[in-house]
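Notes follow once the structure below has been shown.
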Amino acid sequence: MNAHSTKNEYLPSLIKTSAISAKRYATILTMLLSESSLKSVLHAIVRLIEEKNFGSKGSILLLSADGKRLLKGAAPSIADSYNSAIHGIEIGPKVGSCGAAAFLGQRVIVEDIATHENWTLFRELSLAVGLKSCWSEPIFGAEGDVLGTFAMYYDEVKSPRADDLALISEAALLAGLAIERDRSSRFQRLCGGIFSQMPLALLITDAKGTVLDANPSFFDIMRSSKSELAAFEPHHVFGQSPSIDLARLFEQIKSGHGWQGELIGRRADNESFNADVNVTVFKEADDSEYSYAWIFADITERKTAADIIHHQAKFDPLTELANRPHLFEKIEQQINLSKLGSSAGFSFILMDLDNFKQINDSLGHELGDQVLTQVADRIKSCLGEQDILGRLGGDEFALIIPDEVRPEVISNIAMQLNEVVSKEYQLHSHQRVFTQLSAGIACFPQDAGNLEQLLNCADQALFSAKKSGRNQFHFFTEQMQLDAERTAELYNALKLALDNNAFELHYQPIVCAKQHKILHVEALVRWRHEGKLVRPDEFIPAAEASGLIIELGRWVRFEAMKTLLELEALGLDIGMSINVSTFEFCSHDLQGSLISSIVDMGNEICPNGFPFHKLTLEITESLLMNEQVHLIKSLSQLQELGIRIAIDDFGTGYSSLSYLSDFPVEIIKIDKSFIRDVNDKKQATLVTAIVALSRALNLKVTVEGVESHLQLAFVNEKEVDFIQGYFFHKPLEKQTLFEVLAQSPDTN
Ligand code: C2E
Ligand code: CA
Ligand code: CA
């Protein structure tokens with residue numbers, strides 16, 4: 001849409017030929033000044049024109065805000081049906097008189113609606129209400145933009161005279177004034193409302209800081225009142241902000257540019273607050289100096305919340321130490337510093353409490369947490385200013401010692417750590433607790449080239465410290481790396497062995513203590529690897545660590561159960577003991593699948609009913625230490641099948657004997673270490689006590705590791721039930737076992 005003429009070039013001609021009397025002007029102006037509604041002013045303008053030009057029907061239409069449509073303004077003498085029909089009509093170069101006038105920004109005179117091409121679409125509509133000619137004048141705003149149209153209709157075909165044209169021009173001018181006045185007062189009202197209600201402080205000052213205006217929020221945020229307000233001194237109000245920010249702010253606004261950023265504000269009562277500040281610089285038309293609009297929000301709460309979130313993301317809530325991701329970030333920083341040559345490297349100590357699980361299980365999490373916080377405090381007491389301590393989770397702590405890789409210095413720190421942590425802990429519950437720390441140490445760049453390797457090295461060192469007795473620290477060594485690589489190789493080799501059937505079972509007879517008759521055999525797995533037989537102690541731990549033990553365990557049970565059936569088929573009444581890894585009991589699911597796999601295998605290889613009563617499962621003492629209802633249930637289920645449960649390596653665990661009565665256990669196998677030295681009085685007493693307790697609990701006792709006459713004599717004295725050991729038989733290959741049994745007539 002083009003505005004062909006603007007108000008400015010068109011105003012003088014109107015004033016020269018004013019067609020409306022001063023009195024009529026006065027009426028309209030009074031209405032404008034008294035802020036009458038736009039509708040009533042437009043109405044009055046139309047009426048005024050109609051009075052002046054008898055027979056005419058005036059119409060004012062308003063252009064929509066998007067500049068596309070004409071909307072009802074005032075047309076009191078024209079039929080409602082017509083007004084409603086054209087309300088909302090889209091403007092265009094050939095849309096009637098008004099649609100075209102608004103579109104073109106030009107006066108459009110249609111003398112005969114019946115014949116004019118602009119009216120093709122609306123002809124019937126207008127003729128039906130008796131409108132035959134229509135002259136339309138665009139209404140312009142102060143900027144020359146079209147605001148609407150003023151039109152005069154007649155009920156006859158008619159051409160305008162010069163004074164008619166002057167009249168509609170003047171009417172359009174008045175209507176323009178009325179519309180603009182309405183718009184600007186509405187805008188002002190709106191601005192005033194926003195200004196006074198917005199939650200941001202708004203302050204307008206001149207170049208000298210004289211306050212020209214301030215909204216209520218300004219006084220709220222500043223905790224001051226209007227009466228206290230003199231000049232606004234940003235140097236004072238924001239004086240606590242970083243000086244670099246202030247310098248930039250003043251430099252910007254002095255040169256006439258705006259500024260936005262966060263500052264620290266000072267309220268009238270001297271309390272500080274975080275402010276999000278926006279300064280707009282402007283010049284009034286007749287001013288040579290700048291004025292400033294300061295808008296700022298009090299973001300103290302938001303900032304505090306952000307700080308808390310930031311803190312939570314980086315620090316462990318219990319100990320307030322750096323958490324795992326944050327500590328790793330710090331390690332990366334140290335690595336970068338070292339790579340840039342700004343540091344000679346650093347040491348990393350990975351720490352783990354030795355018996356924390358027990359503390360947690362026995363005292364509960366709350367007291368466990370108390371221990372952890374105290375441990376953290378004690379570790380902190382050993383640190384230098386630059387050292388960074390973190391909690392990686394659970395009872396795992398880690399320490400970065402920047403710029404220090406000398407082993408003697410690090411050893412000293414680690415020794416101190418071992419010492420402070422192992423002292424007694426006093427808890428709020430007045431309970432006293434002890435714990436110990438194992439630590440693994442790795443250095444950058446000596447041991448590792450990146451974060452992952454560093455963690456790995458420290459982990460291996462920690463593992464080694466734990467393995468060699470706990471409460472100590474180990475430095476990472478090449479040998480550890482070699483061991484770790486060997487373990488990894490072992491995993492792969494074991495997996496292959498399972499696929500290639502490289503395992504075999506040997507069977508060690510267990511004899512009755514009285515007649516030394518073979519009653520039972522224990523299945524012991526062997527791995528035929530590179531032509532040699534590997535003993536289980538070398539690969540079972542790796543199979544457990546990799547989870548392969550599940551598959552291996554099944555294979556062992558399947559083979560052992562088949563052998564049991566073969567023995568039975570030969571008429572040999574021999575029981576079969578099978579070792580089950582603790583790993584297969586470590587979750588409810590695993591316990592479930594252990595039981596069902598035994599049942600399924602039994603049904604598969606002996607559909608008439610597998611002799612489960614000839615099976616004994618050997619589990620280790622450590623399993624019973626974590627008292628758990630589910631384990632009792634699982635063991636009872638096995639027992640219901642007829643299977644016996646034996647506790648292997650008895651006496652090597654930490655546990656007390658008292659829990660034995662809680663579990664459905666039938667046999668105890670006293671560990672071979674108890675009879676190694678028959679002259680050891682303490683051990684002898686222990687064996688006596690274990691046998692006595694077993695009798696009281698109605699348990700059978702097996703002693704393993706009997707190699708000599710002396711040991712046999714010792715064992716006989718103790719009145720155990722069964723004996724296993726090299727003195728009678730070593731573990732035998734299956735074929736050999738069958739031969740041995742065939743030669744021993746007692747077993748038939
Ligand atoms: P264990 O269950 O305590 O088995 C007894 C171990 O003591 C066997 O070692 C056996 O050869 C050895 N032994 C028997 N009598 C004597 C003796 O008079 N003197 C000495 N010095 N040793 C004797 P092996 O076969 O090397 O097995 C070691 C361990 O590996 C077993 O200890 C058991 O914990 C585990 N293991 C063996 N087979 C399996 C299996 O199929 N599954 C699982 N999960 N573990 C198994
Ligand atoms: Ca065993
Ligand atoms: Ca054993």
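The values are calculated or read from the model by the stated rules, or taken from the named source; none is laboratory data. The structure presented is a predicted model; accordingly, all values stated were derived computationally and were not measured. Neighbour counts run over all protein chains shown; Cβ positions are idealised from the backbone, glycine included. Accessible surface areas use protein heavy atoms only, side chains included; no ligands, DNA or RNA. Shrake-Rupley method; radii C 1.70, N 1.55, O 1.52, S 1.80 Å.
Please pick out the residue among S243, S255 that is open to solvent by 40 Å² or more (accessible area, probe 1.4 Å), under 44 Å from the mean Cα position of the chain (by Cα), over 30 Å from I139 (Cβ atoms) and free of Cβ contacts under 8 Å to residues at least 60 places away in the same chain.
The match here is S243.
Could you grab the pairs with beta carbons closer than 7 Å, sequence gap of 6+ or different chains, first residue in the stretch 682-708 and closer than 15 Å to D649 by Cβ, second one assigned to a helix (DSSP H, G or I) and more than 15 Å from ligand 1 (Cβ to nearest atom)?
Every condition considered, the pairs that remain are V687/K718; V701/V691; V701/S694.
Which one of these does R189 not meet: (1) without any contact (Cβ under 8 Å) to a residue 60 or more places away in the chain; (2) in a loop (DSSP other than H, G, I, E, B); (3) open to solvent by 60 Å² or more (accessible area, probe 1.4 Å)?
Failed condition: (2).
Please list, ordered by residue number, the strands (runs of 3 or more DSSP E) wholly in the stretch 78-162 having 3 or more residues that are aliphatic (A, V, I, L, M).
108-110, 146-154
Does at least one position in the stretch 282-292 carry a residue that is of a type in the set (A, V, I, L, M), outside the structural domain of L29 (by TED's automatic domain parsing) and within 30 Å of A142 (Cβ to Cβ)?
As a first pass, look at the stretch 282-292 and keep what is of a type in the set (A, V, I, L, M): 285.
Remaining after also requiring outside the structural domain of L29 (by TED's automatic domain parsing): 285.
This time we only want the ones that are within 30 Å of A142 (Cβ to Cβ), so: 285.
Taking every residue of the stretch 282-292 in turn, at least one turns out to be of a type in the set (A, V, I, L, M), outside the structural domain of L29 (by TED's automatic domain parsing) and within 30 Å of A142 (Cβ to Cβ).
Restricting the stretch 46-65 to residues that are closer than 15 Å to D164 by Cα and hydroxyl-bearing (S, T, Y), which is surrounded by the fewest Cβ atoms within 10 Å (Cβ to Cβ)?
Checking each candidate, the answer is S56.
Go through the stretch 115-140 and give me each residue that's in contact with a helix residue (DSSP H, G or I) (Cβ under 7 Å, 6 or more places away or on another chain) and among the charged types (D, E, K, R).
E137
Please enumerate the residues belonging to the stretch 529-579 that are assigned to a strand (DSSP E or B) and either under 49 Å from the mean Cα position of the chain (by Cα) or within 12 Å of ligand 1 (Cβ to nearest atom) (or both). Write out each step before concluding.
Of all residues in the stretch 529-579, those assigned to a strand (DSSP E or B) come to 529, 532-534, 575-579.
Once the filter is applied, which keeps residues that are assigned to a strand (DSSP E or B) and either under 49 Å from the mean Cα position of the chain (by Cα) or within 12 Å of ligand 1 (Cβ to nearest atom) (or both), the stretch 529-579 yields H529, L533, V534, M576, S577, I578, N579.
Restricting attention to the stretch 626-663, and to residues there that are within 16 Å of ligand 1 (Cβ to nearest atom) and of a type outside the set (A, V, I, L, M), which single residue is modelled with the lowest pLDDT?
In the first step, residues of the stretch 626-663 are kept if they are within 16 Å of ligand 1 (Cβ to nearest atom); the result is 638, 643-653.
From the residues that got through so far, the ones that are of a type outside the set (A, V, I, L, M) too are 644, 648-653.
On the way: R644: 97, D648: 94, D649: 90, F650: 90, G651: 84, T652: 80, G653: 70.
Only one residue tops the list, namely G653.
Quick one: which residue in F583, F610, F539, F558 is without any contact (Cβ under 8 Å) to a residue 60 or more places away in the chain, out of contact with any strand residue (DSSP E or B) (no Cβ under 9 Å at 6 or more places or on another chain) and within 16 Å of ligand 2 (Cβ to nearest atom)?
So the residue among F583, F610, F539, F558 that is without any contact (Cβ under 8 Å) to a residue 60 or more places away in the chain, out of contact with any strand residue (DSSP E or B) (no Cβ under 9 Å at 6 or more places or on another chain) and within 16 Å of ligand 2 (Cβ to nearest atom) is F583.
If you scan the stretch 542-555, which residues turn out to be in contact with a strand residue (DSSP E or B) (Cβ under 9 Å, 6 or more places away or on another chain) and open to solvent by less than 30 Å² (accessible area, probe 1.4 Å)?
L552, G553
Please verify whether F219 is surrounded by 12 or more Cβ atoms within 10 Å (Cβ to Cβ) and touching a Lys or Arg at 6+ places or on another chain (Cβ under 7 Å), treating the condition exactly as stated.
So F219 fits the description; yes.
Against the condition under 24 Å from K330 (Cα atoms), over 30 Å from the mean Cα position of the chain (by Cα) and buried (at least 23 other Cβ atoms within 10 Å of the Cβ), how does L462 come out, does it pass?
Judged against the criteria, L462 is not a match.
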